[in-house]
Amino acid sequence: MAVLTKEQIIELEDRPIELVPVPEWGDDAQVAMRGMSAFDRNKLEGLCMGDGGESDKYALMTYVLVFSLCDEAGVRTWADDEAPLLLDKCGAAFHTLAMKAIDINGMAGAQQLEVVKNSDAVLSGDFSSDSASS
């Protein structure tokens, strides 16, 4: 197996764009989504970390979605401070898209189970005082 050079790593397209249907928003409605950059993934951990070192279950799904939604060129379409705007949308559509974003980003196992377990609280829009929106 060959060792990749720095240049090869930089040139890799390792975050493909995926079109995701959103039937709750119309028969032909879809959004573009891609895996988070390493920068955004690190930022996600910081935004969703509470004072006690536990993840903020109220913000995790929303920020995973904000960091994954993009345009057809793969450029993020939502700013960090726009995250609460997603919570005003259809809960079923939000949940489906957030779960897809979690899947695209390889956030499986215990972290994904924690998100699913707490998704009702997230959909309520009740961000805790430890979240980035405070």
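The figures follow:
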read-out	value
Proxy reagent accessibility, fewest Cβ within 10 Å first, across Met49, Met61, Met1	Met1, Met49, Met61
Semi-axis lengths (Å, descending) of the ellipsoid that matches the C-alpha gyration tensor of the stretch 7-88	23, 21, 9
Extension gain (nm, one decimal) between Lys43 and Val75, 0.36 nm per residue minus Cα-Cα	9.8 nm
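No value in this document is a laboratory result; all are computed from the given coordinates. This is a predicted model, so every value here is computed, not measured. Heads up, the Cβs are rebuilt from the backbone with ideal geometry, glycines too, and the neighbour counts pull from every protein chain shown.
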